[in-house]
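Notes to accompany the following structure.
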Amino acid sequence: MNNLTPTELRNNIYNVLDEVLASGIPVEIIRKGKILKIIAVDTVDKLQNLSKRPDFITGDSEDLSNIHWDEVVKLDTDS
């Protein structure tokens, strides 16, 4: 929904405005060969839309370098 004609905007203006506010992604309207943009003035925190990942590693990245990976990963050395 990034590029719209004025007719498409008119037919769907409330949904377009709600989408811009929710996503923070501007919408371009092409009118007489010129581009107009509808943008949200307040910035949207894009990190707020991220899903929780309970299995994701959190903590100090330096701790990863101290893991003895040969105990964690069993590699087949026969190939």
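Results, tabulated for the structure shown:
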quantity	calculated
Flag if LYS74 is among the charged types (D, E, K, R) and touching a Ser or Thr at 6+ places or on another chain (Cβ under 9 Å)	no
Residue list for the stretch 24-79, restricted to those being at pLDDT 80 or above and of a type in the set (Val, Ile, Thr)	ILE25, VAL27, ILE29, ILE30, ILE35, ILE38, ILE39, VAL41
Subset of the stretch 1-14 that is exposed (fewer than 11 other Cβ atoms within 10 Å of the Cβ) and under 23 Å from the mean Cα position of the chain (by Cα) - its residue that is modelled with the highest pLDDT	TYR14
Only one of GLY33, GLY24 that is within 30 Å of PRO6 (Cβ to Cβ) and surrounded by fewer than 10 Cβ atoms within 10 Å (Cβ to Cβ)	GLY33
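Results for (1) in a strand (DSSP E or B); (2) touching a residue at least 12 places away in the same chain (Cβ under 8 Å), shown as yes or no for each residue.
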| position | (1), (2) |
| --- | --- |
| LEU21 | no, yes |
| ILE30 | yes, yes |
| LEU36 | yes, no |
| ASP42 | no, no |
| LYS52 | no, no |
| ASP55 | no, no |
| THR58 | no, no |
| LEU64 | no, no |
| GLU71 | no, no |
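The values are calculated or read from the model by the stated rules, or taken from the named source; none is laboratory data. Because the structure is predicted, anything quoted here is derived from the model rather than measured. Heads up, the Cβs are rebuilt from the backbone with ideal geometry, glycines too, and the neighbour counts pull from every protein chain shown.
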